[in-house]
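Taking it in order: structure first as structure tokens, then the write-up.
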Amino acid sequence: MRFSPFSLLFSFPILLLVACGNPTEQTQSEVTEAETAAESTKKKTILFFGNSLTAAYGIDPEDGFAGLTQARIDSLGLDYRVINGGLSGETTAGGLSRLDWFLEDEPAIFVLELGGNDGLRGILPSESKKNLIGIIDKVRSKYPETKIILAGMQIPPNMGQEYTEEFKSIYPEVAAEKDVTLIPFLLENVGGIPELNLPDGIHPTEEGHQIVFETIWPYLEKSL
């Protein structure tokens, strides 16, 4: 088959138009993306900073208590975005060391959920307490206006009753010393109940997370 040089000449502009696309549509898309980014920036931040409980281990993160918080916020039309800063296996010491990365932007509300892994590993409660205070101090030093909520934790008596009680007491002690809001026990009505936890007996199911969310929400709502 032979091609006329004229047919190639006339088809070339068409090829250019197809390749470049519609410049008007491209510009509109870029404007929409910029507006969406600007809207996200305007929203205040709620930062959940914790371990596998915050990360919603074993289930879809949207079904964890942090994800459920975002869903409730959206349903109420409130101008907040939730950031899930949960990391499985995290200890209070690990949290203190990685905190700076999460403080690039100011959180309006900082929910601190750490310590459970410390207790399960038998770390000295005095060390856990020192690290929790260190985290709170670091947040307050950079952002004095941030509201801080401390999620209290309890552990099974595997390490002995004395250790268990000492561990339990660090949360009210830290809350009183640093004047932050305390959730007495994050896993209230969930911890130790087999049907509300995954087979490991530690991490809540979707139903369990729903209960944990309802435990958190009244404390969070007061800070909005």
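Bear in mind these aren't lab numbers, they're just calculated from the coordinates by the rules spelled out. Given the structure is predicted, the values throughout are model-derived calculations rather than measurements. Glycine also receives a Cβ, built like all others from the backbone with ideal geometry; neighbour counts cover every protein chain displayed.
Points worth noting:
- Protection proxy ranking of 50-56, 216-222 - average other beta-carbon atoms within 10 Å, highest first: 50-56, 216-222
- Using the Karplus relation 6.51 cos²θ - 1.76 cosθ + 1.60 with θ = phi - 60°, the per-residue 3J(HN,Hα) values for region 189-195 come to 6, 10, x, x, 9, x, 5 Hz, with x marking Gly and Pro.
- Between region 153-173 and region 98-141, the alpha-carbon center distance in angstrom: 17 Å
- Which listed pairs, of LYS43/LYS147; LYS44/LYS130; LYS42/LYS129; LYS42/LYS130; LYS43/LYS142; LYS129/LYS222, have C-alpha distances above 23 Å, in listed order: LYS44/LYS130; LYS42/LYS129; LYS42/LYS130; LYS129/LYS222
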